[in-house]
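Enquirer: Right, I'll just put the structure down here and ask away after.
The values are calculated or read from the model by the stated rules, or taken from the named source; none is laboratory data. These numbers were taken from a predicted model, which means no experiment stands behind them. Because the Cβ atoms are built from the backbone with ideal geometry, glycine has one as well, and the counts that use them run over all protein chains shown. Calculation scope for accessible area: heavy atoms of the full protein, side chains included, ligands and nucleic acids excluded. Shrake-Rupley method; radii C 1.70, N 1.55, O 1.52, S 1.80 Å.
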Amino acid sequence: MENADFGKLQVRFPGLDDIPDAARLDAPIHQRVSLVDGELKTWDGACKTVLSPVCVRQDSGEIEQVVIGSYPVMGETESDAALDAAVQAYDHGRGLWPTMTVAQRIGCMQEFIRLMAAKRQEIVKLIMWEIGKSLADSQKEFDRTITYMQDTISALKELDNSNSRFTIVEGTIGQIRRAPLGVVLCMGPYNYPLNETFATLIPALLMGNTVVFKPPQYGTLLFYPLVEAFRTAFPKGVINTIYAPGAIVVPHMLASGKINVLALIGSSKVADYLKKQHPKSHRLRAVLGLDAKNAAIVLPDADINLAVKECLLGALSFNGQRCTALKMLMVHRSIADEFLERFTAALENLKVGMPWEQGVSITPLPGMHRTAYMTQAIDDAKAKGARVVNEGGGVFCKTLFYPAVVYPVQEGMMLYREEQFGPLVPVMPFDDVETALEYVITSDHGQQVSIFGNDAAQLGALVDPLVNQVCRVNINCQCQRGPDIFPFAGRKDSAEGTLSVTDALRAFSIRSMVATKETDGNKALLDAMVKNHHSKFVNTGFIF
Ligand code: G3H
């Protein structure tokens, strides 16, 4: 088999001279600044070296991860400074940013988008080098993020315009708008470092909150080209960055009680721990995207070719490193052999290589600890009776890991419940659809599920219990987050709150209102307030 053996994986890593000019980073980025209170503060303390998932064959013949830069390793003193700057900029809701008109905030965001768009090439390359995402997917991530930001602005205009009026009920006049919550701590994941971080950061800012932003462990340097844009586009203290080990500074910031919203895309274990650090937990709103173990249920009458195509994409896009990835395939026993045969044949056509190669699907993982975990999960399954059914599955060289289809997976194996977050495809046969349903019901996760079949009555009967277990049931297609207008949520350990272009604006705000009795005197007061623009909140203006 073309892709599978170690030697064949080894030669996928380039020599230094084999990297095409267009794919090269201009130079390593040794970031020494952080943005605090509107200033780029220079750091001369300890720094962390950033290794790319991409390895390069050295003259000595050794294959080593490429050093692409470094960034500061700060501590509590610096996180205090970043947090205090955000607290000061919010100023109990009296700061420049939270009291700005929505139109003015949108103006700042549009300026930021303009500055960000100019950095596309630089950021795309950094996504590619820092997390090993293919060039095409890195471009997609950047473009999708810009679209998300523009759509969020449109949604905010619509939201604000629809609130630009008074309502009179039972003799009470009211104007209801959405107001900010305070200081938001924003942390995104490594797999969609730009997109998922901005899916919370941008709505948080637009609603008038101030932010402390901690980039993910892998995926930090790619924000460097944006630090100056943050500084230029927003008033001082509105966005502040911290580069530090999360385990040290994040609990510390939460324990201060100064954080009003925790926006985290990460693990449920970490989220649980962090929430408990806040001294008054009822004051902390959490917007969380967490673990998932989305399953596919392939029914006996499914279109096997379609199911194979969607399951392959669902399980292995970006090496399976998507929160929405299909992480367990449950296939009816009557078609399991045929499914596996076609699935493994389709898998063989996936191109393995470096992120810049055209048409590449399988790219290097963030570090050797990930290939070690994948190997451990396979060994565990093998010891408990499963086998790798595709040739070369599980072979790895340094950070490059050839996907393994593991069958039959059953309860008690790591792969049965653990979120593998990598190129492993556990397949489990079932005889009775109740078994598949039971798997979803007894799971700690509740993000999405995919069902493949052609009998409307059977699918309908399956949809009803499943929608009460997860937040999206995909019929004859893989699980996914998009389109971003749709709600993205999860039950159990998979999420807290709902994200989408419109839902995120709500997640980072609260309805607040001004009310008065419907008397002539009060009407005249409101009228004067509006006509003379005495209040930013009480207004009937329309944002075009
Ligand atoms: O990692 C989770 C991502 O938000 C998934 O997005 O389903 O569009 O790839 P996607």
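Enquirer: Determine the distance separating the Cα centre of region 126-142 from the Cα centre of region 353-385; give it in Å without decimals.
Expert: 18
Enquirer: Find the percent of Cα-Cα distances in region 294-484 that exceed 20 Å, and round it to a whole number.
Expert: Value for region 294-484: 51 percent of Cα pairs lie more than 20 Å apart.
Enquirer: Would you pull out the residues with amide H under 5 Å of Lys351's amide H, same chain only if 5 or more places away, H placed 1.01 Å from N?
Expert: Distant-sequence amide H within range of Lys351: Ser361, Ile362.
Enquirer: Still on this model: Taking the highest mean first, how do the peptides 411-424, 307-320 order by number of other beta carbon atoms within 10 angstrom per residue?
Expert: Highest-to-lowest ranking by the protection proxy: 307-320, 411-424.
Enquirer: Tell me, what is the FRET efficiency for Asp272 and Arg511 to the nearest 0.05, using R0 = 41 angstrom and their Cβ-Cβ distance as r?
Expert: Details: r = 28 Å, r/R0 = 0.68.
The value I calculate is 0.90.
Enquirer: Taking 2.2 N^0.38 Å as the expected size of a compact globular protein, what ratio does the Cα radius of gyration of region 111-249 give against it, to two decimals?
Expert: Cα-based Rg divided by the globular estimate yields 1.22.
Enquirer: Additional query: Under 5 Å between amide H atoms, partner at least 5 residues away or on a different chain: which partners does Ile239 have, H built in plane at 1.01 Å?
Expert: Placed amide hydrogens put Val211 under 5 Å from Ile239.
Enquirer: Would you kindly derive the ³J(HN,Hα) couplings of region 406-420 from the backbone phi angles with the Karplus curve 6.51 cos²θ - 1.76 cosθ + 1.60 (θ = phi - 60°), listing them in order in whole Hz, with x for Gly and Pro?
Expert: Per residue, the Karplus-derived 3J(HN,Hα) values read 10, 8, x, 7, 9, 3, x, 8, 3, 5, 5, 10, 5, 7, 6 Hz.
Enquirer: Now for a different question. Give, in whole angstrom and from largest to smallest, the semi-axes √(5λ) of the equivalent ellipsoid of region 279-375, with λ running over the eigenvalues of the Cα gyration tensor. Provide the component values of the computation, followed by the final result.
Expert: Values: eigenvalues 182, 96, 28 Å².
One finds semi-axes of 30, 22, 12 Å for region 279-375.
Enquirer: What order, most packed first, do the peptides 259-267, 150-158 have when packing is the mean number of other Cβ atoms within 10 Å of each residue?
Expert: Ranking, from highest mean packing down: 259-267, 150-158.
Enquirer: Pop the C-beta distance of Val227 and Ile475 into the FRET formula with R0 = 41 Å and round what comes out to the nearest 0.05.
Expert: E(calc), rounded to 0.05, equals 0.40.
Enquirer: To continue, here is another question. Please calculate how many Å² of accessible area region 294-484 carries per residue, with a 1.4 Å probe and no DNA, RNA or ligand atoms counted. Please list the in-between numbers first.
Expert: Values: 6750 Å² over 191 residues.
It amounts to 35 Å² per residue over region 294-484.
Enquirer: Arrange the peptides 12-19, 98-105, 162-169, 189-196 so that the one whose residues have, on average, the most other Cβ atoms within 10 Å appears first.
Expert: My ranking of the peptides, most packed first, is 189-196, 98-105, 12-19, 162-169.
Enquirer: Using θ = phi - 60° and the Karplus curve 6.51 cos²θ - 1.76 cosθ + 1.60, what whole-Hz ³J(HN,Hα) does each residue of region 239-253 get, with Gly and Pro shown as x?
Expert: In residue order, the calculated couplings are 10, 10, 10, 9, 10, 6, x, x, 4, 8, 8, 6, x, 4, 5 Hz.
Enquirer: So how far apart, in nm, are the two label points at Ser60 and Lys531 if each is 7 Å from Cα heading toward Cβ?
Expert: Reported label-point gap for Ser60 and Lys531 is 8.2 nm.
Enquirer: Mind listing the long-range amide H neighbours of Asn474? Cut-off is under 5 Å, sequence gap 5 or more, other chains count too, H placed in the peptide plane at 1.01 Å from N.
Expert: So Asn474 has HN proximity to Val449, Ser450, Ile451.
Enquirer: Continuing with this model, one more query. Just need the Rg to Rh number for the chain, please, alpha carbons only, Kirkwood Rh.
Expert: 1.01
Enquirer: Mind computing the radius of gyration and Dmax over the alpha-carbon atoms of region 265-325? Å is fine for both.
Expert: My reading of the Cα-based Rg and Dmax gives 17.7, 54 Å.
Enquirer: How large is ³J(HN,Hα), in whole Hz, for each residue of region 18-25 in order, when computed from phi with the Karplus curve 6.51 cos²θ - 1.76 cosθ + 1.60 and θ = phi - 60°, using x for Gly and Pro?
Expert: Going residue by residue, I get 7, 6, x, 3, 5, 8, 6, 6 Hz, with x marking Gly and Pro.
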